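Here is the structure we will look at, set down as structure tokens.
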Amino acid sequence: MKNIVLIANPVSGNGKSIKAAEITQQTLAAKGLNIHISYTQYAGHASQLAKNFITEFDIIVAIGGDGTVNEIASALVNSTAILGIIPTGSGNGLARHLKIPMNLKSAIKCLYREKIVKIDAPKINNEYFFCTAGVGFDAQVSHSFAKMKGRGLTNYIKATVFEYFKYHSKKYSLSLGENNKSQDAFVITVANAAQYGNNAFIAPKAKINDGLLEVTLLPKPSFFDAINFSIRLFTKKIHEHDKVKTLQTETIKIDVPTESGDIYGHKDGEPEIWHLPLEFSLKSNDKLTVIGNTDKL
């Protein structure tokens with residue numbers, strides 16, 4: 001019999017994860033499974049709990065948003081424990097890529113159907129990410145969004161419009177192996193999964209288990225290009241725009257020659273502050289075992 005622990009972020013979804021944890025526990029217990037719940041109390045607590053639970057539980061379920069999922073997943077890389085996800089956040093990028101339903105009852109079904117897959121676990125400056133990470137305009141928006149009262153797509157759009165009129169492109173130095181290049185960019189996103197979350201596909205060609213990172217570079221868009229980009233994000237066609245550059249790599253180093261010290265970044269939906277230069281890397285032996293809802297990643 002499988003031992004399962006639910007790690008829930010009580011803040012996620014304005015308390016939605018508490019109710020989700022209770023319903024998940026009741027549903028799985030009714031099927032004769034051993035279920036326990038543990039609630040996080042502070043930032044980083046989910047990761048610490050997951051590390052403590054690795055030897056005790058077979059399946060460790062993240063109930064929360066992308067930040068909670070990242071904390072727990074980071075602790076489970078290369079372990080025998082399996083990650084489950086009950087999405088209650090605003091973006092839910094990894095859950096969406098894995099085809100896990102946003103409906104609670106349907107998401108719970110995934111846990112006992114157990115479509116188990118192994119996915120890549122890339123890093124940014126030695127910290128794991130599983131969906132997307134990057135610098136530029138979207139990182140600025142992420143930091144602005146984090147300061148707003150309330151989550152959700154509406155506030156994210158407000159933050160995007162507000163920052164659009166203030167933010168300027170940067171000239172970046174990109175290193176891919178022995179290939180070095182200088183590139184003006186408004187956005188540089190390094191993707192493991194295809195989307196940011198909310199079905200906004202910044203890297204539609206990304207495959208989460210192919211051993212490669214998908215890099216998307218966007219220029220500063222005009223007002224009309226911005227509308228076009230936005231439509232393409234939600235129709236999986238951003239990479240087809242003639243002003244958008246994409247590339248695949250196992251490792252990419254990013255620097256800003258005119259700056260030093262720290263830079264705004266984003267990782268799995270959460271704002272970060274990183275020290276330059278940045279190194280995004282993917283090692284073939286770093287894997288995460290996760291319960292999804294599809295055999296095609």
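The values are calculated or read from the model by the stated rules, or taken from the named source; none is laboratory data. Since we're looking at a predicted model, the values are computed, not measured. Every residue, glycine among them, receives a Cβ derived from its backbone with ideal geometry; neighbour counts consider all protein chains shown.
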task: State the number of residues belonging to segment 276-297 that are out of contact with any Gly (no Cβ under 7 Å at 6 or more places or on another chain) and either of a type in the set (Val, Ile, Thr) or over 30 Å from residue 106 (Cα atoms) (or both).
output: 10
- prompt: Do we find a residue being under 22 Å from residue 229 (Cα atoms) and aromatic (Phe, Trp, Tyr) anywhere in segment 143-150?
  reply: yes
message: Out of the helices (runs of 4 or more DSSP H) lying entirely within segment 100-192, which hold 1 or more residues that are in contact (Cβ under 8 Å) with a residue 12 or more places away in the chain, touching a helix residue (DSSP H, G or I) at 6+ places or on another chain (Cβ under 8 Å) and more than 27 Å from residue 44 (Cα to Cα)?
response: 104-113, 153-164
- prompt: Among the listed residues 226, 194, 159, 203, which satisfies the condition of being closer than 21 Å to residue 273 by Cα and among the small types (Gly, Ala, Ser)?
  reply: 159
- request: Taking residue 7 as meeting all but one of (1) farther than 19 Å from residue 92 by Cβ; (2) at pLDDT 95 or above, write down the number of the exception.
  value: (1)
field: Condition check for residue 99: within 16 Å of the chain's Cα centre (by Cα) and over 18 Å from residue 128 (Cα atoms)
entry: yes
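Residue-by-condition table, conditions (1) assigned to a loop (DSSP other than H, G, I, E, B); (2) out of contact with any His (no Cβ under 9 Å at 6 or more places or on another chain):
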position	(1), (2)
194	yes, no
199	yes, yes
207	yes, yes
214	no, no
224	no, yes
271	no, no
289	no, yes
296	yes, yes
- prompt: Any residue in segment 224-236 that is modelled with pLDDT under 95, within 17 Å of residue 280 (Cβ to Cβ) and more than 19 Å from the chain's Cα centre (by Cα)?
  reply: no
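Looking at 46, 121, 81, which is the one that is modelled with pLDDT of 95 or more and surrounded by 24 or more Cβ atoms within 10 Å (Cβ to Cβ)?
None of the other options fit; the residue is 46.
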- request: Give the residue that is nearest to residue 110 (Cα to Cα), with candidates limited to residues of segment 49-60 that are touching a strand residue (DSSP E or B) at 6+ places or on another chain (Cβ under 8 Å) and not in a strand (DSSP E or B).
  value: 58
- prompt: Only one of (1) in a strand (DSSP E or B); (2) under 22 Å from the mean Cα position of the chain (by Cα); (3) surrounded by fewer than 17 Cβ atoms within 10 Å (Cβ to Cβ) is not met by residue 63, so which one is it?
  reply: (3)
message: Restricting to segment 14-35, count the residues that are surrounded by 15 or more Cβ atoms within 10 Å (Cβ to Cβ) and in contact with a strand residue (DSSP E or B) (Cβ under 8 Å, 6 or more places away or on another chain).
response: 9
